[in-house]
Amino acid sequence: MEKVRKKRKWNWAQILAIFVLITLLISMVYAVVNLISAPSGNVPEGEQTKADYSLMLMQCVLGVVVLFLPSLISRKMKFVIPNAMYIVFIVFLYCAIYLGEVQSFYYLIPNWDTILHTFSGAMLGGLGFSIVSLLNNNERVTLSMSPIFVALFACSFAVLLGVFWEFYEFAADSFGMNMQKTMLEDGTMLQGHAAVADTMGDLFVDFLGAFVISIVGYFSIRKNKKWMQNFEFKKVDEEENKSVAKNK
């Protein structure tokens, strides 16, 4: 009797998570080593200072913490995060922290920060829709929202988190960082309108990304198209039932 060999399915979300984790850990070591010997104050353009390596280290530490956050929350709240959403989240972390901070894409690639903020606005908008979907499927919560209200919630949720991120950047800059890009790479401080342009631009594209995904989500609900289905949280018991059904 021949044994039927089951094809092993690769969990790309876990593979990407491990890759990004290793990348961030190596980057932390790199930042610590260079932090010791790096100069402080004004330096020639292109040369990094202690503040740059401090920011790099802080972002990498934050990235490692945030990388595990979805898994911890999902276990605590007993829901499953779809692989599609988790992969998008991991790719965003890699682009924002490793490519952005460690590889200096924020300075090397025009509008890199703007692209990421637009992407994060859309991603957080999708998260807002997932939260509503999870509450709608919770038997202990009586909730019935119109499509327009769900879209408004998703957009507002994304923009609110974008505002909190700007608070974080402002707080970090109080310790000599340059997350809000209020100074040039050579240390020259920007003044007036130029000093707040980065923050206001970030908030605008946060809203733009969230608004676009909210429109998509609105028509998805209104027309019952299930376009957001791959990004919706699932309850643990619901996911287990699907797994059992597939194995029968």
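The values are calculated or read from the model by the stated rules, or taken from the named source; none is laboratory data. From a predicted model like this one, the values you see are computed outputs, not experimental measurements. All Cβ positions, glycine included, derive from the backbone under ideal geometry; neighbour counts span all protein chains shown. Areas reflect the complete protein model, heavy atoms only, side chains present, ligands, DNA and RNA absent. Shrake-Rupley method; radii C 1.70, N 1.55, O 1.52, S 1.80 Å.
All told, PHE79 falls short of being modelled with pLDDT of 90 or more and not assigned by the TED database to the domain that holds ALA154. As for segment 43-64, it holds no residue that is open to solvent by 40 Å² or more (accessible area, probe 1.4 Å), assigned to a helix (DSSP H, G or I) and free of Cβ contacts under 8 Å to residues at least 12 places away in the same chain. Annotation: GLU166 fulfils all but one of (1) modelled with pLDDT of 90 or more; (2) closer than 24 Å to SER220 by Cβ; (3) open to solvent by less than 50 Å² (accessible area, probe 1.4 Å); (4) not assigned by the TED database to the domain that holds ALA17; the unmet one is (2). Screening segment 93-111 for residues that are modelled with pLDDT of 90 or more and either open to solvent by less than 40 Å² (accessible area, probe 1.4 Å) or basic (Lys, Arg) (or both) and picking the one that is nearest to GLU47 (Cα to Cα) gives VAL102. When SER146, SER74, SER130 are checked against the criterion of being open to solvent by less than 40 Å² (accessible area, probe 1.4 Å) and closer than 21 Å to PHE219 by Cα, SER130 stands alone in meeting it. The set of residues in segment 102-117 that are more than 15 Å from CYS60 (Cβ to Cβ) and part of a loop (DSSP other than H, G, I, E, B) comprises ILE109, PRO110, ASN111.
The single residue among ALA158, ALA172 that is modelled with pLDDT of 90 or more, in a helix (DSSP H, G or I) and open to solvent by less than 20 Å² (accessible area, probe 1.4 Å) turns out to be ALA158.
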